[in-house]
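The values are calculated or read from the model by the stated rules, or taken from the named source; none is laboratory data. Quick caveat, the model's predicted, so the values are computed rather than measured. Cβ placement follows ideal geometry from the backbone for every residue including glycine, while neighbour counts extend to all protein chains displayed.
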Ligand SMILES: Cc1cc2nc3c(=O)[nH]c(=O)nc-3n(C[C@H](O)[C@H](O)[C@H](O)COP(=O)(O)OP(=O)(O)OC[C@H]3O[C@@H](n4cnc5c(N)ncnc54)[C@H](O)[C@@H]3O)c2cc1C
(Lines give C-alpha, C1' and ligand atoms only; values in the text may rest on other atoms or scores of the structure.)
Protein backbone atom coordinates (compact mmCIF):
# COMPACT_ATOMS: atom_id res chain seq x y z
CA UNK A 1 0.00 0.00 0.00
CA UNK A 2 1.39 3.37 -0.90
CA UNK A 3 0.85 6.58 1.02
CA UNK A 4 -0.63 9.20 -1.28
CA UNK A 5 0.38 12.88 -1.33
CA UNK A 6 -0.46 15.80 -3.59
CA UNK A 7 3.24 16.34 -4.21
CA UNK A 8 6.59 14.69 -3.41
CA UNK A 9 9.79 16.72 -3.18
CA UNK A 10 13.07 14.74 -3.29
CA UNK A 11 15.97 16.61 -1.68
CA UNK A 12 16.14 19.43 0.85
CA UNK A 13 18.65 21.57 -1.05
CA UNK A 14 18.16 25.11 -2.24
CA UNK A 15 14.86 24.63 -4.09
CA UNK A 16 12.99 21.79 -2.36
CA UNK A 17 12.21 23.35 1.02
CA UNK A 18 10.95 26.63 -0.45
CA UNK A 19 8.80 24.75 -2.94
CA UNK A 20 7.38 22.60 -0.14
CA UNK A 21 6.52 25.88 1.62
CA UNK A 22 4.61 27.28 -1.36
CA UNK A 23 2.85 23.98 -2.14
CA UNK A 24 1.66 23.47 1.43
CA UNK A 25 0.51 27.09 1.64
CA UNK A 26 -1.63 26.44 -1.42
CA UNK A 27 -3.30 23.60 0.48
CA UNK A 28 -1.39 20.60 -0.86
CA UNK A 29 -0.25 17.64 1.21
CA UNK A 30 3.46 17.31 0.58
CA UNK A 31 6.12 14.69 1.39
CA UNK A 32 9.69 15.99 1.47
CA UNK A 33 12.47 13.39 1.44
CA UNK A 34 16.08 14.09 2.46
CA UNK A 35 18.71 11.38 2.62
CA UNK A 36 21.43 13.22 4.51
CA UNK A 37 21.85 16.85 5.59
CA UNK A 38 19.07 19.41 5.42
CA UNK A 39 20.11 22.42 3.37
CA UNK A 40 22.13 20.30 0.92
CA UNK A 41 25.48 21.27 -0.57
CA UNK A 42 25.34 25.03 -0.12
CA UNK A 43 24.62 24.91 3.59
CA UNK A 44 26.78 21.93 4.53
CA UNK A 45 29.68 21.50 2.11
CA UNK A 46 29.49 24.43 -0.30
CA UNK A 47 28.80 28.16 -0.12
CA UNK A 48 28.30 28.62 3.61
CA UNK A 49 31.28 26.78 5.14
CA UNK A 50 33.60 27.93 2.35
CA UNK A 51 32.68 31.58 2.60
CA UNK A 52 33.08 31.34 6.38
CA UNK A 53 36.57 29.90 5.85
CA UNK A 54 37.33 32.58 3.24
CA UNK A 55 36.45 35.17 5.90
CA UNK A 56 38.90 33.58 8.38
CA UNK A 57 41.56 33.49 5.68
CA UNK A 58 40.93 37.16 4.88
CA UNK A 59 41.33 38.06 8.55
CA UNK A 60 44.68 36.24 8.61
CA UNK A 61 45.77 37.97 5.41
CA UNK A 62 44.87 41.44 6.71
CA UNK A 63 46.52 40.70 10.05
CA UNK A 64 49.76 39.83 8.23
CA UNK A 65 49.45 43.08 6.29
CA UNK A 66 48.67 45.05 9.45
CA UNK A 67 51.88 47.08 9.23
CA UNK A 68 50.79 48.36 5.77
CA UNK A 69 47.94 50.11 7.59
CA UNK A 70 50.07 51.35 10.47
CA UNK A 71 48.67 48.72 12.80
CA UNK A 72 51.06 47.01 15.22
CA UNK A 73 50.17 43.40 16.02
CA UNK A 74 53.06 42.51 18.29
CA UNK A 75 54.45 39.40 16.67
CA UNK A 76 53.88 36.90 13.90
CA UNK A 77 50.33 35.85 13.06
CA UNK A 78 49.37 32.25 13.79
CA UNK A 79 46.28 30.22 12.97
CA UNK A 80 44.17 28.18 15.37
CA UNK A 81 42.86 25.82 12.73
CA UNK A 82 40.57 24.00 15.15
CA UNK A 83 38.74 27.27 15.85
CA UNK A 84 38.70 28.15 12.17
CA UNK A 85 37.16 24.76 11.37
CA UNK A 86 34.68 24.96 14.27
CA UNK A 87 33.55 28.42 13.19
CA UNK A 88 32.64 27.13 9.72
CA UNK A 89 30.99 24.01 11.18
CA UNK A 90 28.87 26.17 13.51
CA UNK A 91 27.65 28.41 10.68
CA UNK A 92 26.61 25.31 8.71
CA UNK A 93 25.07 23.63 11.75
CA UNK A 94 22.90 26.67 12.54
CA UNK A 95 21.65 26.97 8.98
CA UNK A 96 21.04 23.22 8.68
CA UNK A 97 19.02 22.99 11.89
CA UNK A 98 17.03 26.06 10.97
CA UNK A 99 16.01 24.51 7.59
CA UNK A 100 15.12 21.25 9.30
CA UNK A 101 13.10 22.99 12.02
CA UNK A 102 11.25 25.02 9.42
CA UNK A 103 10.34 21.93 7.40
CA UNK A 104 9.29 19.90 10.43
CA UNK A 105 7.03 22.69 11.63
CA UNK A 106 5.46 23.19 8.18
CA UNK A 107 1.78 22.38 8.23
CA UNK A 108 0.82 19.62 5.76
CA UNK A 109 4.46 18.71 5.14
CA UNK A 110 5.64 15.18 6.04
CA UNK A 111 9.42 15.06 6.35
CA UNK A 112 10.93 11.67 5.60
CA UNK A 113 14.61 10.89 6.14
CA UNK A 114 16.08 8.34 3.78
CA UNK A 115 17.19 7.68 0.24
CA UNK A 116 14.44 8.09 -2.36
CA UNK A 117 14.22 5.95 -5.49
CA UNK A 118 11.56 6.05 -8.17
CA UNK A 119 9.38 2.94 -8.48
CA UNK A 120 7.31 4.40 -11.31
CA UNK A 121 6.53 7.80 -12.82
CA UNK A 122 4.27 8.59 -9.89
CA UNK A 123 5.74 6.63 -6.99
CA UNK A 124 8.89 6.74 -4.92
CA UNK A 125 10.28 4.29 -2.38
CA UNK A 126 12.14 5.26 0.78
CA UNK A 127 13.27 2.08 2.53
CA UNK A 128 10.04 0.17 3.20
CA UNK A 129 7.71 3.11 2.56
CA UNK A 130 6.07 3.54 -0.82
CA UNK A 131 4.83 7.07 -1.56
CA UNK A 132 2.80 8.23 -4.53
CA UNK A 133 1.83 11.61 -5.96
CA UNK A 134 0.73 13.07 -9.27
CA UNK A 135 3.46 15.74 -8.98
CA UNK A 136 7.08 14.90 -8.16
CA UNK A 137 9.85 17.50 -7.88
CA UNK A 138 13.49 16.35 -7.98
CA UNK A 139 16.06 18.52 -6.15
CA UNK A 140 18.87 16.04 -5.59
CA UNK A 141 21.87 18.26 -6.39
CA UNK A 142 25.34 16.94 -7.05
CA UNK A 143 28.60 15.82 -5.51
CA UNK A 144 32.31 16.13 -6.22
CA UNK A 145 33.35 14.33 -9.37
CA UNK A 146 36.22 11.95 -8.67
CA UNK A 147 37.96 11.32 -11.99
CA UNK A 148 39.26 7.90 -12.82
CA UNK A 149 42.88 9.11 -12.96
CA UNK A 150 45.73 6.65 -12.39
CA UNK A 151 46.46 6.15 -8.70
CA UNK A 152 43.26 7.75 -7.42
CA UNK A 153 42.29 4.55 -5.57
CA UNK A 154 45.76 4.21 -4.02
CA UNK A 155 46.10 7.47 -2.08
CA UNK A 156 43.82 9.31 0.33
CA UNK A 157 42.43 12.41 -1.32
CA UNK A 158 40.25 15.28 -0.13
CA UNK A 159 37.09 16.64 -1.75
CA UNK A 160 35.13 19.81 -1.01
CA UNK A 161 33.26 17.80 1.66
CA UNK A 162 36.11 16.03 3.49
CA UNK A 163 38.41 19.07 3.47
CA UNK A 164 35.91 20.79 5.76
CA UNK A 165 36.88 18.32 8.50
CA UNK A 166 40.56 19.32 8.28
CA UNK A 167 41.36 21.00 11.60
CA UNK A 168 45.11 21.39 11.04
CA UNK A 169 47.20 23.29 8.52
CA UNK A 170 48.38 20.86 5.83
CA UNK A 171 52.09 21.26 5.11
CA UNK A 172 51.67 21.29 1.34
CA UNK A 173 48.22 21.13 -0.23
CA UNK A 174 48.13 20.19 -3.90
CA UNK A 175 44.86 21.30 -5.47
CA UNK A 176 43.99 19.42 -8.64
CA UNK A 177 41.67 21.69 -10.63
CA UNK A 178 42.18 25.40 -11.23
CA UNK A 179 38.58 26.53 -11.36
CA UNK A 180 35.97 28.02 -9.01
CA UNK A 181 36.02 25.47 -6.16
CA UNK A 182 39.74 24.66 -6.30
CA UNK A 183 40.93 28.26 -6.29
CA UNK A 184 38.88 29.25 -3.24
CA UNK A 185 40.43 26.42 -1.25
CA UNK A 186 43.91 27.10 -2.68
CA UNK A 187 43.95 30.71 -1.53
CA UNK A 188 42.36 30.10 1.87
CA UNK A 189 44.80 27.32 2.79
CA UNK A 190 47.73 29.43 1.62
CA UNK A 191 46.49 32.16 3.96
CA UNK A 192 46.15 29.61 6.77
CA UNK A 193 49.85 28.85 6.24
CA UNK A 194 50.03 25.86 3.89
CA UNK A 195 52.32 25.69 0.93
CA UNK A 196 49.91 25.38 -2.00
CA UNK A 197 50.28 24.18 -5.59
CA UNK A 198 47.41 24.34 -8.08
CA UNK A 199 47.56 21.79 -10.87
CA UNK A 200 45.41 22.58 -13.90
CA UNK A 201 45.02 20.51 -17.03
CA UNK A 202 44.10 23.46 -19.25
CA UNK A 203 46.41 26.15 -20.51
CA UNK A 204 45.15 28.68 -17.96
CA UNK A 205 43.15 28.98 -14.74
CA UNK A 206 39.33 29.32 -14.94
CA UNK A 207 39.43 28.87 -18.69
CA UNK A 208 35.71 29.66 -19.02
CA UNK A 209 36.56 33.28 -18.24
CA UNK A 210 38.39 35.72 -20.51
CA UNK A 211 42.16 35.55 -20.75
CA UNK A 212 42.63 38.88 -18.96
CA UNK A 213 40.50 37.58 -16.07
CA UNK A 214 42.50 34.33 -15.87
CA UNK A 215 45.71 36.35 -15.93
CA UNK A 216 44.47 38.70 -13.20
CA UNK A 217 43.52 35.74 -11.01
CA UNK A 218 46.88 34.02 -11.60
CA UNK A 219 48.67 37.24 -10.61
CA UNK A 220 46.66 37.52 -7.38
CA UNK A 221 47.43 33.91 -6.46
CA UNK A 222 51.11 34.04 -7.33
CA UNK A 223 51.54 37.30 -5.39
CA UNK A 224 50.65 35.24 -2.31
CA UNK A 225 53.14 32.50 -3.14
CA UNK A 226 50.72 29.94 -4.61
CA UNK A 227 52.42 27.84 -7.29
CA UNK A 228 50.35 27.28 -10.42
CA UNK A 229 51.11 24.42 -12.84
CA UNK A 230 49.04 24.62 -16.02
CA UNK A 231 49.11 22.34 -19.10
CA UNK A 232 49.11 19.35 -16.73
CA UNK A 233 48.11 16.82 -19.37
CA UNK A 234 48.48 13.43 -17.67
CA UNK A 235 47.70 13.89 -13.98
CA UNK A 236 48.23 10.82 -11.81
CA UNK A 237 48.61 10.17 -8.08
CA UNK A 238 50.94 7.91 -6.11
CA UNK A 239 51.83 7.42 -2.47
CA UNK A 240 54.96 9.14 -1.18
CA UNK A 241 56.67 9.15 2.21
CA UNK A 242 55.73 12.84 2.59
CA UNK A 243 52.11 12.22 1.59
CA UNK A 244 51.30 12.15 -2.09
CA UNK A 245 53.14 12.47 -5.37
CA UNK A 246 51.14 14.19 -8.09
CA UNK A 247 52.46 13.58 -11.57
CA UNK A 248 51.70 16.68 -13.60
CA UNK A 249 53.60 16.05 -16.81
CA UNK A 250 53.53 19.77 -17.58
CA UNK A 251 55.30 21.14 -20.60
CA UNK A 252 57.57 23.15 -18.36
CA UNK A 253 59.00 22.54 -14.92
CA UNK A 254 59.33 19.52 -12.66
CA UNK A 255 57.21 16.54 -13.79
CA UNK A 256 55.93 15.84 -10.27
CA UNK A 257 54.75 17.76 -7.23
CA UNK A 258 55.14 16.22 -3.77
CA UNK A 259 52.43 17.31 -1.36
CA UNK A 260 51.29 16.33 2.10
CA UNK A 261 47.63 16.34 0.97
CA UNK A 262 45.75 16.48 -2.30
CA UNK A 263 42.36 18.06 -2.97
CA UNK A 264 40.42 16.94 -6.03
CA UNK A 265 38.38 19.85 -7.36
CA UNK A 266 37.71 18.84 -10.93
CA UNK A 267 34.01 19.39 -11.30
CA UNK A 268 30.70 18.04 -10.07
CA UNK A 269 28.38 15.23 -11.03
CA UNK A 270 24.64 14.99 -10.57
CA UNK A 271 23.15 12.71 -7.88
CA UNK A 272 21.02 10.95 -10.45
CA UNK A 273 22.71 7.57 -10.76
CA UNK A 274 21.01 6.06 -7.72
CA UNK A 275 17.55 7.59 -8.10
CA UNK A 276 15.84 4.86 -10.14
CA UNK A 277 15.12 7.33 -12.95
CA UNK A 278 14.92 4.51 -15.49
CA UNK A 279 11.94 3.00 -13.65
CA UNK A 280 10.08 6.26 -14.16
CA UNK A 281 11.35 6.66 -17.73
CA UNK A 282 12.98 10.01 -16.90
CA UNK A 283 15.66 10.95 -19.41
CA UNK A 284 19.16 12.14 -18.51
CA UNK A 285 21.85 13.55 -20.80
CA UNK A 286 25.25 11.93 -21.42
CA UNK A 287 26.65 13.52 -18.25
CA UNK A 288 23.80 12.31 -16.04
CA UNK A 289 21.89 15.60 -15.79
CA UNK A 290 18.11 15.29 -15.92
CA UNK A 291 16.79 16.68 -19.20
CA UNK A 292 14.27 19.48 -18.67
CA UNK A 293 12.45 21.94 -20.89
CA UNK A 294 12.45 25.71 -20.50
CA UNK A 295 9.89 25.43 -17.65
CA UNK A 296 11.92 22.69 -15.90
CA UNK A 297 9.55 19.85 -16.73
CA UNK A 298 11.16 16.47 -17.46
CA UNK A 299 10.06 14.28 -20.37
CA UNK A 300 7.64 12.52 -17.96
CA UNK A 301 4.44 14.50 -17.30
CA UNK A 302 4.07 15.46 -13.64
CA UNK A 303 7.83 15.32 -12.88
CA UNK A 304 10.06 18.40 -12.67
CA UNK A 305 13.78 18.76 -11.86
CA UNK A 306 15.29 21.78 -10.06
CA UNK A 307 18.79 22.90 -9.17
CA UNK A 308 22.17 21.41 -10.00
CA UNK A 309 20.73 18.05 -11.07
CA UNK A 310 19.17 19.55 -14.23
CA UNK A 311 22.45 20.96 -15.55
CA UNK A 312 20.87 24.37 -16.21
CA UNK A 313 22.74 26.11 -13.40
CA UNK A 314 25.39 25.28 -10.83
CA UNK A 315 24.67 27.83 -8.15
CA UNK A 316 22.49 28.34 -5.15
CA UNK A 317 20.75 31.29 -6.76
CA UNK A 318 20.01 29.33 -9.95
CA UNK A 319 18.58 26.44 -7.88
CA UNK A 320 16.43 28.93 -5.96
CA UNK A 321 15.35 30.58 -9.20
CA UNK A 322 14.28 27.14 -10.48
CA UNK A 323 11.96 26.93 -7.48
CA UNK A 324 10.61 30.41 -8.27
CA UNK A 325 9.94 29.48 -11.90
CA UNK A 326 8.10 26.27 -11.01
CA UNK A 327 6.11 27.86 -8.18
CA UNK A 328 5.10 30.86 -10.32
CA UNK A 329 4.00 28.68 -13.23
CA UNK A 330 2.12 26.09 -11.14
CA UNK A 331 0.58 28.30 -8.48
CA UNK A 332 0.43 31.86 -9.84
CA UNK A 333 -0.57 31.23 -13.45
CA UNK A 334 2.69 32.75 -14.69
CA UNK A 335 4.75 31.69 -17.67
CA UNK A 336 8.31 32.00 -16.45
CA UNK A 337 11.16 30.28 -18.21
CA UNK A 338 14.82 29.47 -17.54
CA UNK A 339 15.88 31.18 -20.77
CA UNK A 340 14.72 34.51 -19.26
CA UNK A 341 17.43 34.23 -16.61
CA UNK A 342 20.54 36.38 -16.96
CA UNK A 343 23.35 34.37 -15.42
CA UNK A 344 25.45 36.08 -12.77
CA UNK A 345 27.88 34.52 -10.30
CA UNK A 346 31.00 35.15 -8.28
CA UNK A 347 34.32 33.43 -7.69
CA UNK A 348 35.22 33.95 -4.06
CA UNK A 349 38.94 34.31 -4.06
CA UNK A 350 40.02 37.60 -2.53
CA UNK A 351 39.51 39.98 -4.20
CA UNK A 352 36.45 38.25 -5.65
CA UNK A 353 35.38 38.07 -9.26
CA UNK A 354 31.81 39.25 -9.91
CA UNK A 355 30.48 38.13 -13.30
CA UNK A 356 27.36 38.63 -15.35
CA UNK A 357 26.33 37.77 -18.91
CA UNK A 358 28.71 36.88 -21.70
CA UNK A 359 32.49 36.99 -21.62
CA UNK A 360 34.35 39.22 -24.05
CA UNK A 361 35.38 36.22 -26.15
CA UNK A 362 31.76 35.01 -26.35
CA UNK A 363 30.67 38.55 -27.29
CA UNK A 364 33.30 38.75 -30.02
CA UNK A 365 32.29 35.33 -31.36
CA UNK A 366 28.69 36.57 -31.69
CA UNK A 367 29.77 38.96 -34.46
CA UNK A 368 28.00 41.92 -32.80
CA UNK A 369 29.54 45.38 -32.90
CA UNK A 370 30.87 45.91 -29.40
CA UNK A 371 31.87 48.75 -27.11
CA UNK A 372 34.22 47.78 -24.27
CA UNK A 373 35.32 49.72 -21.21
CA UNK A 374 37.96 48.68 -18.69
CA UNK A 375 39.62 50.20 -15.64
CA UNK A 376 42.34 48.86 -13.36
CA UNK A 377 41.56 48.93 -9.65
CA UNK A 378 44.67 51.02 -9.08
CA UNK A 379 42.51 53.85 -10.50
CA UNK A 380 39.56 53.30 -8.16
CA UNK A 381 39.68 55.50 -5.07
CA UNK A 382 37.87 53.08 -2.79
CA UNK A 383 40.37 50.31 -3.61
CA UNK A 384 43.32 52.64 -3.09
CA UNK A 385 41.96 53.76 0.28
CA UNK A 386 41.46 50.16 1.35
CA UNK A 387 44.93 49.20 0.14
CA UNK A 388 43.42 46.49 -2.07
CA UNK A 389 44.11 47.48 -5.65
CA UNK A 390 44.46 44.13 -7.39
CA UNK A 391 42.20 43.41 -10.36
CA UNK A 392 40.16 45.40 -12.85
CA UNK A 393 36.65 45.94 -14.15
CA UNK A 394 35.42 45.39 -17.67
CA UNK A 395 32.02 46.11 -19.21
CA UNK A 396 30.87 44.92 -22.64
CA UNK A 397 28.11 46.74 -24.52
CA UNK A 398 26.26 45.76 -27.70
CA UNK A 399 26.79 48.91 -29.79
CA UNK A 400 23.58 48.35 -31.76
CA UNK A 401 21.10 47.94 -28.89
CA UNK A 402 23.16 49.95 -26.37
CA UNK A 403 22.55 47.14 -23.88
CA UNK A 404 25.22 45.87 -21.51
CA UNK A 405 25.68 42.22 -22.40
CA UNK A 406 28.42 41.20 -19.98
CA UNK A 407 30.79 42.36 -17.27
CA UNK A 408 33.62 41.10 -15.09
CA UNK A 409 34.59 42.89 -11.90
CA UNK A 410 37.69 41.35 -10.33
CA UNK A 411 38.09 43.64 -7.36
CA UNK A 412 37.59 44.32 -3.72
CA UNK A 413 33.80 44.27 -3.37
CA UNK A 414 33.46 42.92 -6.93
CA UNK A 415 30.79 40.42 -5.82
CA UNK A 416 28.59 43.32 -4.68
CA UNK A 417 29.50 45.95 -7.29
CA UNK A 418 28.47 43.64 -10.15
CA UNK A 419 24.84 43.90 -9.02
CA UNK A 420 24.45 47.43 -10.41
CA UNK A 421 25.12 45.90 -13.81
CA UNK A 422 22.98 42.81 -13.11
CA UNK A 423 20.05 45.13 -12.31
CA UNK A 424 20.47 47.26 -15.43
CA UNK A 425 20.65 44.13 -17.60
CA UNK A 426 17.49 42.75 -16.00
CA UNK A 427 15.74 46.08 -16.48
CA UNK A 428 16.64 45.82 -20.19
CA UNK A 429 17.51 49.48 -20.36
CA UNK A 430 20.37 51.19 -22.29
CA UNK A 431 23.76 51.47 -20.59
CA UNK A 432 23.32 55.25 -20.51
CA UNK A 433 20.79 54.83 -17.67
CA UNK A 434 23.64 53.61 -15.49
CA UNK A 435 26.11 56.08 -16.98
CA UNK A 436 23.96 59.02 -15.80
CA UNK A 437 23.15 57.62 -12.36
CA UNK A 438 24.72 59.34 -9.35
CA UNK A 439 26.47 56.66 -7.31
CA UNK A 440 27.75 56.99 -3.76
CA UNK A 441 31.30 58.11 -3.16
CA UNK A 442 33.58 56.39 -2.31
CA UNK A 443 32.56 52.99 -3.67
CA UNK A 444 33.79 50.57 -6.29
CA UNK A 445 30.39 50.93 -8.00
CA UNK A 446 30.87 54.67 -8.54
CA UNK A 447 33.48 53.96 -11.20
CA UNK A 448 31.10 51.91 -13.36
CA UNK A 449 29.51 55.07 -14.89
CA UNK A 450 33.04 56.33 -15.56
CA UNK A 451 33.89 53.10 -17.39
CA UNK A 452 30.66 53.48 -19.38
CA UNK A 453 31.61 57.04 -20.28
CA UNK A 454 34.87 55.78 -21.71
CA UNK A 455 33.74 52.86 -23.88
CA UNK A 456 35.86 52.06 -26.93
CA UNK A 457 34.80 50.17 -30.06
CA UNK A 458 36.22 46.63 -29.97
CA UNK A 459 38.88 46.27 -32.64
C1 LIG B 1 32.85 24.12 -2.40
C2 LIG B 1 31.61 24.71 -3.02
C3 LIG B 1 31.38 26.06 -2.89
C4 LIG B 1 30.24 26.63 -3.44
N5 LIG B 1 30.04 27.97 -3.32
C6 LIG B 1 28.96 28.54 -3.90
C7 LIG B 1 28.73 29.93 -3.78
O8 LIG B 1 29.50 30.66 -3.15
N9 LIG B 1 27.62 30.46 -4.35
C10 LIG B 1 26.73 29.68 -5.07
O11 LIG B 1 25.75 30.21 -5.58
N12 LIG B 1 26.93 28.36 -5.19
C13 LIG B 1 28.02 27.77 -4.64
N14 LIG B 1 28.20 26.43 -4.75
C15 LIG B 1 27.20 25.63 -5.50
C16 LIG B 1 25.96 25.37 -4.63
O17 LIG B 1 26.33 24.77 -3.42
C18 LIG B 1 25.00 24.49 -5.40
O19 LIG B 1 24.78 25.05 -6.66
C20 LIG B 1 23.67 24.37 -4.67
O21 LIG B 1 23.82 23.82 -3.39
C22 LIG B 1 22.72 23.50 -5.50
O23 LIG B 1 21.55 23.33 -4.80
P24 LIG B 1 20.57 22.13 -5.14
O25 LIG B 1 19.33 22.45 -4.42
O26 LIG B 1 20.49 21.90 -6.60
O27 LIG B 1 21.27 20.81 -4.55
P28 LIG B 1 21.93 20.48 -3.17
O29 LIG B 1 22.15 21.69 -2.37
O30 LIG B 1 23.10 19.64 -3.45
O31 LIG B 1 20.81 19.61 -2.41
C32 LIG B 1 20.43 18.35 -2.84
C33 LIG B 1 19.90 17.55 -1.66
O34 LIG B 1 19.31 16.36 -2.14
C35 LIG B 1 19.63 15.29 -1.27
N36 LIG B 1 19.50 14.03 -2.03
C37 LIG B 1 20.26 13.63 -3.07
N38 LIG B 1 19.82 12.44 -3.55
C39 LIG B 1 18.76 12.09 -2.77
C40 LIG B 1 17.90 10.98 -2.77
N41 LIG B 1 18.00 10.00 -3.68
N42 LIG B 1 16.95 10.92 -1.83
C43 LIG B 1 16.80 11.92 -0.92
N44 LIG B 1 17.59 13.01 -0.89
C45 LIG B 1 18.56 13.10 -1.81
C46 LIG B 1 21.05 15.61 -0.85
O47 LIG B 1 21.38 14.95 0.36
C48 LIG B 1 20.99 17.13 -0.69
O49 LIG B 1 20.65 17.50 0.62
C50 LIG B 1 29.32 25.82 -4.17
C51 LIG B 1 29.54 24.45 -4.29
C52 LIG B 1 30.68 23.89 -3.73
C53 LIG B 1 30.89 22.42 -3.88
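Miscellaneous remarks
- Any hit, segment 380-388, residues being free of Cβ contacts under 8 Å to residues at least 60 places away in the same chain and in contact with a helix residue (DSSP H, G or I) (Cβ under 9 Å, 6 or more places away or on another chain): yes
- Scanning segment 137-174 for residues that are surrounded by 19 or more Cβ atoms within 10 Å (Cβ to Cβ) and within 12 Å of the ligand (Cβ to nearest atom) yields 137, 138, 139, 140, 141, 142, 144, 158, 160, 163, 164.
- Inter-residue pairs, beta-carbon under 7 Å, first closer than 14 Å to residue 297 by Cβ and in segment 318-344, second part of a helix (DSSP H, G or I) and modelled with pLDDT under 95, 6+ apart: none
- Scanning segment 160-174 for residues that are closer than 14 Å to residue 243 by Cβ and either in contact with a helix residue (DSSP H, G or I) (Cβ under 8 Å, 6 or more places away or on another chain) or at pLDDT below 95 (or both) gives 166, 168, 169, 170, 173.
- Residue in segment 352-359 that is farther than 23 Å from residue 7 by Cα, within 11 Å of the ligand (Cβ to nearest atom) and part of a loop (DSSP other than H, G, I, E, B) present: yes
- Filtering 216, 182 for residues that are under 24 Å from the mean Cα position of the chain (by Cα), more than 16 Å from the ligand (Cβ to nearest atom) and either modelled with pLDDT under 95 or part of a helix (DSSP H, G or I) (or both) leaves a single hit, 216.
- Odd one out for residue 48 among (1) surrounded by 18 or more Cβ atoms within 10 Å (Cβ to Cβ); (2) free of Cβ contacts under 8 Å to residues at least 60 places away in the same chain; (3) away from the ligand (no atom under 16 Å from the Cβ): (3)
- Which listed residue, of 32, 19, is surrounded by 21 or more Cβ atoms within 10 Å (Cβ to Cβ) and either outside any helix (DSSP H, G or I) or more than 14 Å from the ligand (Cβ to nearest atom) (or both): 32
- Which listed residue, of 40, 27, 70, is exposed (fewer than 14 other Cβ atoms within 10 Å of the Cβ) and either in contact with a strand residue (DSSP E or B) (Cβ under 9 Å, 6 or more places away or on another chain) or closer than 21 Å to residue 180 by Cα (or both): 27
- Filter pass, residue 407 being surrounded by fewer than 20 Cβ atoms within 10 Å (Cβ to Cβ), under 19 Å from residue 457 (Cβ atoms) and touching a strand residue (DSSP E or B) at 6+ places or on another chain (Cβ under 8 Å): no
- For segment 175-189, the set of residues classified as crowded, with 24+ Cβ neighbours inside 10 Å and within 19 Å of residue 247 (Cα to Cα) consists of 175, 176, 177, 178, 186, listed by residue number.
- Residue check: residue 82 meets all listed conditions (1) more than 22 Å from residue 9 (Cβ to Cβ); (2) near the ligand (Cβ under 9 Å from one of its atoms) but one, namely (2).
- Single residue of segment 301-317 satisfying the filter (more than 9 Å from the ligand (Cβ to nearest atom) and under 16 Å from the mean Cα position of the chain (by Cα)) that is farthest from residue 281 (Cα to Cα): 312
- Being away from the ligand (no atom under 12 Å from the Cβ) and touching a strand residue (DSSP E or B) at 6+ places or on another chain (Cβ under 6 Å) is a property that residue 279 has.
- One residue stands out in segment 190-201 among those that are modelled with pLDDT of 95 or more and assigned to a loop (DSSP other than H, G, I, E, B): the one that is surrounded by the most Cβ atoms within 10 Å (Cβ to Cβ), namely 200.
- Given (1) in contact with a strand residue (DSSP E or B) (Cβ under 6 Å, 6 or more places away or on another chain); (2) surrounded by 19 or more Cβ atoms within 10 Å (Cβ to Cβ); (3) in contact (Cβ under 8 Å) with a residue 40 or more places away in the chain, index of the condition residue 119 fails: (2)
- Residue among 154, 167, 210 that is over 17 Å from residue 54 (Cα atoms), touching a residue at least 12 places away in the same chain (Cβ under 8 Å) and under 24 Å from the mean Cα position of the chain (by Cα): 210
- Within segment 64-83, considering residues that are outside any helix (DSSP H, G or I) and in contact with a helix residue (DSSP H, G or I) (Cβ under 8 Å, 6 or more places away or on another chain), the one nearest to residue 163 (Cα to Cα): 79
- Taking segment 238-286 as the range and being over 19 Å from residue 182 (Cβ atoms) and in contact with a helix residue (DSSP H, G or I) (Cβ under 9 Å, 6 or more places away or on another chain) as the test, the residues that pass are 270, 271, 272, 275, 283, 284.
- In segment 362-377, residue nearest to the chain's Cα centre (by Cα) [restricted to those that are surrounded by 14 or more Cβ atoms within 10 Å (Cβ to Cβ) and farther than 22 Å from residue 446 by Cα]: 362
- Among the residues listed as 62, 103, 53, the single one being more than 30 Å from residue 1 (Cβ to Cβ) and crowded, with 19+ Cβ neighbours inside 10 Å: 53
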